[in-house]
Amino acid sequence: DNVEALVSGADVVLDGTDNLETRYLLNDACVKLGVPWIYGGAVGSTGMSMTVIPGETACFRCLFPTRATSGTVANCETVGVLASTVVMVSAFQWTEAIKLLVGDRDHLNRTMVYFDVWSNDHQEGERLTPSPDCSCCGQRRFDFLEATATSSSTPLCGRNAVQVRPGHAMTLDLADLARRLDGVGTVSTTRFMLRLEVGGHELTVFSDGRAIIKGTDDVAVARSLYSRYVGD
């Protein structure tokens with residue numbers, strides 16, 4: 001309800017988030033309410049952006065119908081990000097927003113744009129219209145907005161810790177996650193769990209995606225740490 005209230009009445013929404021679950025949530029709200037939104041992502045030297053116009057273009061879920069498995073997607077904490085990549089993505093988003101605000105829809109980008117500021121690569125995907133098979137814009141099913149596909153978080157009373165559960169069935173490759181987190185903090189693993197100590201917090205991650213984040217009882221902080229080090 002809070003997301004819908006924030007989006008309702010907006011002329012355009014710019015994505016400044018740092019995780020896929022929130023982007024799926026934004027996509028649900030904007031498609032449901034018919035509000036254009038502009039996705040932007042940056043990691044390493046690679047940036048990407050996409051302008052979603054409900055009813056006219058493919059939505060975010062058309063292109064990414066399912067989330068990548070947690071622990072398999074690179075993020076800024078594990079591989080870093082160049083400042084120039086962020087600047088390029090935000091400049092692209094800002095320009096698309098101005099086009100929408102002045103009513104120049106003829107010049108809107110209607111594809112997913114990828115670029116690499118290091119290798120000078122630039123690619124654009126095909127122009128896609130809304131897919132009738134898309135669970136969001138095609139079937140009008142808003143799983144993330146209705147909290148049927150979102151993760152859950154529960155403070156553990158008296159332990160200064162929060163348990164985070166993913167919103168979908170999964171099996172984590174703990175050995176692979178350990179390799180990705182090498183150098184981020186102190187990592188130890190067993191067959192059944194991985195433990196990461198970083199920045200005054202301790203994350204204990206299990207193979208089914210559950211995690212206990214110690215060092216905070218703030219759900220928002222715990223979910224941010226989970227997204228940063230484990231994934232969405």
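Before moving on, here are some points about what is shown:
- In order along the stretch 26-38, the Karplus-derived 3J(HN,Hα) couplings, from 6.51 cos²θ - 1.76 cosθ + 1.60 at θ = phi - 60°, round to 4, 4, 4, 5, 5, 5, 4, 9, x, 9, x, 9, 10 Hz, and Gly and Pro are given as x.
- Solvent exposure of the chain, expressed per residue, is 51 Å² of accessible area, with all protein chains present and a 1.4 angstrom probe.
- 14 Å beta-carbon shell around Lys99, net charge (K/R +1, D/E -1): -3
- Computing P(r) over Cα pairs in 5 Å bins from 0, in percent directly from the structure and comparing it against [x] 1, 6, 13, 16, 17, 16, 13, 9, 5, 2, 0, 0; [y] 1, 7, 15, 19, 21, 18, 12, 6, 1, 0; [z] 1, 6, 13, 16, 17, 15, 10, 8, 6, 4, 2, 1, 0, 0, 0 singles out [x].
- Only one residue of Leu20, Asn109, Thr46 has its Cα farthest out toward the positive end of the dipole of the chain, where Lys and Arg carry +1 and Asp and Glu -1 on Cβ, and that residue is Leu20.
- Helix 219-229 vs. the chain, principal-axis angle (Cα, 0 to 90°, nearest 10): 90
- When the Cα positions of Phe92, Leu156, Trp37 are compared along the charge dipole of the chain, Leu156 comes out farthest toward the positive end, with charges on each C-beta of Lys, Arg, Asp and Glu.
- Test item: Cα-centred dipole of the stretch 88-210, Lys/Arg +1 and Asp/Glu -1 on Cβ, debye: 480
- Under the Karplus curve 6.51 cos²θ - 1.76 cosθ + 1.60, θ = phi - 60°, whole-Hz ³J(HN,Hα) for the stretch 87-100, x wherever Gly or Pro sits: 4, 5, 5, 5, 5, 5, 4, 4, 5, 5, 5, 5, 4, 5
- In this structure the amide hydrogen of Leu156, modeled in the peptide plane, comes within under 5 Å of the amide hydrogens of Ala161, Val162, Gln163, none closer than 5 places in sequence on its chain.
- Relative to its Kirkwood radius, the Cα radius of gyration of the stretch 1-70 gives an Rg/Rh of 0.95.
- Extension gain (nm, one decimal) between Asp104 and Ser84, 0.36 nm per residue minus Cα-Cα: 4.5 nm
- Counting protein heavy atoms only, the stretch 95-221 has 48 percent of its accessible area on carbon and sulfur, 1.4 angstrom probe.
- With both labels modelled 7 Å from their Cα along Cα-to-Cβ, the Thr95 to Thr17 distance reads 2.6 nm.
- Tail beyond 24 Å, pair distance distribution of the stretch 1-134 (Cα, percent): 28
- Listed residue (Thr190, Phe142, Ser119) projecting farthest to the positive dipole end of the chain, Cβ model: Thr190
- Taking the Cα centre of the chain as origin and assigning +1 to Lys and Arg Cβ atoms and -1 to Asp and Glu Cβ atoms, the resulting dipole is close to 500 debye.
The values are calculated or read from the model by the stated rules, or taken from the named source; none is laboratory data. Here the structure is a predicted model, which is why all the values come from computation and not from measurement. Because the Cβ atoms are built from the backbone with ideal geometry, glycine has one as well, and the counts that use them run over all protein chains shown. To get the accessible areas, we keep the full protein, side chains included, count just its heavy atoms, and leave off ligands, DNA and RNA. Shrake-Rupley method; radii C 1.70, N 1.55, O 1.52, S 1.80 Å.
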